[in-house]
1. Going through segment 60-73 one residue at a time, which ones are touching a helix residue (DSSP H, G or I) at 6+ places or on another chain (Cβ under 8 Å) and not hydroxyl-bearing (Ser, Thr, Tyr)?
2. Restricting the search to segment 193-207, which residues are surrounded by fewer than 18 Cβ atoms within 10 Å (Cβ to Cβ) and within 29 Å of the chain's Cα centre (by Cα)?
3. With respect to residue 65, determine if the residue is surrounded by fewer than 15 Cβ atoms within 10 Å (Cβ to Cβ) and modelled with pLDDT under 90.
4. Regarding residue 243, is this residue without any contact (Cβ under 8 Å) to a residue 40 or more places away in the chain, over 30 Å from residue 113 (Cβ atoms) and of a type in the set (A, V, I, L, M)?
5. Of everything in segment 211-250, what is loosely packed, with under 14 Cβ neighbours inside 10 Å, at pLDDT below 95 and of a type in the set (Ser, Thr, Tyr)? Give them in sequence order.
6. Pairs only if they're at least six apart or on different chains, beta carbon under 9 angstrom, first in segment 211-228 and at positive phi, second at pLDDT below 85 and surrounded by fewer than 18 Cβ atoms within 10 Å (Cβ to Cβ); list them, first residue then second.
7. Can you tell me which residue in segment 31-47 is most open to solvent (accessible area, probe 1.4 Å), limited to those that are modelled with pLDDT of 55 or more and among the hydrophobic types (A, V, I, L, M, F, W, C)?
8. Taking into account only those residues within segment 123-168 that are open to solvent by 30 Å² or more (accessible area, probe 1.4 Å), among the hydrophobic types (A, V, I, L, M, F, W, C) and closer than 26 Å to residue 90 by Cβ, which is modelled with the lowest pLDDT?
Amino acid sequence: MTIQWKKTAIIAIDAALAVYLLLAITAFNRPDELSDVCNEVKIDIKDAVVKGFLNANEVKAQLQHAKIYPLGDRMSDVNTRRIEETLRQNPLVESAECYKTQTGRVYITLTQRIPVIRVIADNGENYYVDNHGGIMPPTRYASSLVVATGHISKSYAKKVLRPIGSLLLKDDLWRYQVEQLNVLHDGSIELIPRIGEHVVYLGQPTGLEKKLSRLEKFYRYGLSKAGWNKYSYISVEFDNQIICKKAKRY
């Protein structure tokens with residue numbers, strides 16, 4: 001009798017284990033996305049050197065406008081390729097990648113185009129130039145970028161102003177001190193600073209690193225002692241010299 005009871009118990013345990021294993025294997029192999037719902041959307045924007053041009057809320061709004069923001073949708077209905085293609089239509093987006101997990105999460109990774117200078121030309125054109133020389137339309141976002149004005153063609157903006165904008169952004173002094181560049185009809189450039197009531201004439205856009213280095217030394221050892229408003233005009237056009245014109249009140 002005891003042996004029979006033990007055999008019955010063993011059979012029952014084996015049956016229970018078999019059922020458990022069957023359920024476990026079925027659950028493991030079940031394609032989760034067929035029944036799971038998107039419970040989280042993670043948006044990551046890379047290379048945000050210039051802040052304020054692209055943010056997660058803007059990305060979310062774009063997807064909502066296209067009626068493809070995935071939060072709350074069945075994972076099987078989330079079309080990652082369509083999300084990528086939609087976001088790449090944004091003129092501020094350089095690249096977009098999207099993937100989903102079986103845990104109900106959708107990950108979106110973006111690389112934004114980095115504007116390095118804004119152009120407001122005397123022919124009425126208004127646009128940004130990015131770090132690759134591409135033209136970007138004006139946006140509603142605030143930015144501390146240098147504004148270039150004057151006689152500017154798109155070719156000049158791409159070939160000349162793009163590297164100048166990149167150069168200014170790399171240096172903390174010039175990023176905050178230079179407010180405006182004015183391009184004259186002969187292609188030479190004037191610099192308008194944020195601090196100081198003077199105009200700096202850079203001349204033709206060549207050897208700018210050396211010219212800015214001389215200007216920095218003059219700021220440091222000259223204007224800091226003489227006064228930031230003593231001169232109305234400062235020229236660093238020629239090597240090894242700085243030409244200044246005093247303001248009328250001095």
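1. To start, the set of residues in segment 60-73 that are touching a helix residue (DSSP H, G or I) at 6+ places or on another chain (Cβ under 8 Å) comprises 62-63, 66, 68-70.
Those that are touching a helix residue (DSSP H, G or I) at 6+ places or on another chain (Cβ under 8 Å) and not hydroxyl-bearing (Ser, Thr, Tyr): 62, 63, 66, 68, 70.
2. Listed by number, the residues that qualify are 194, 195, 206, 207.
3. Details: surrounded by fewer than 15 Cβ atoms within 10 Å (Cβ to Cβ): yes; modelled with pLDDT under 90: no.
No.
4. Values: without any contact (Cβ under 8 Å) to a residue 40 or more places away in the chain: yes; over 30 Å from residue 113 (Cβ atoms): yes; of a type in the set (A, V, I, L, M): yes.
Taking the combined requirement at face value, the residue satisfies it.
5. 221, 224, 250
6. What qualifies is 227/250.
7. So in segment 31-47, the residues modelled with pLDDT of 55 or more come out as 36-47.
Still in the list and also among the hydrophobic types (A, V, I, L, M, F, W, C): 37-38, 41, 43, 45.
Details: 37: 68, 38: 4, 41: 29, 43: 44, 45: 37 Å².
Within segment 31-47, the match that is most open to solvent (accessible area, probe 1.4 Å) is 37.
8. Quick first cut of segment 123-168, residues open to solvent by 30 Å² or more (accessible area, probe 1.4 Å) only: 123-126, 131-132, 135, 137-144, 147, 151, 153-156, 158-160, 162-163, 167.
Next, only the ones that are among the hydrophobic types (A, V, I, L, M, F, W, C) stay: 135, 142, 147, 160, 167.
From the residues that got through so far, the ones that are closer than 26 Å to residue 90 by Cβ too are 135, 142, 147.
Numbers: 135: 92, 142: 52, 147: 96.
Ranking the candidates gives 142 first.
The values are calculated or read from the model by the stated rules, or taken from the named source; none is laboratory data. Note that the structure is a prediction, hence the values are computed from the model and not measured. Backbone-built Cβ (ideal geometry, glycine too); neighbour counts: all protein chains shown. Please note that ligands, DNA and RNA were not included when accessible areas were found on the heavy atoms of the full protein model with its side chains. Shrake-Rupley method; radii C 1.70, N 1.55, O 1.52, S 1.80 Å.
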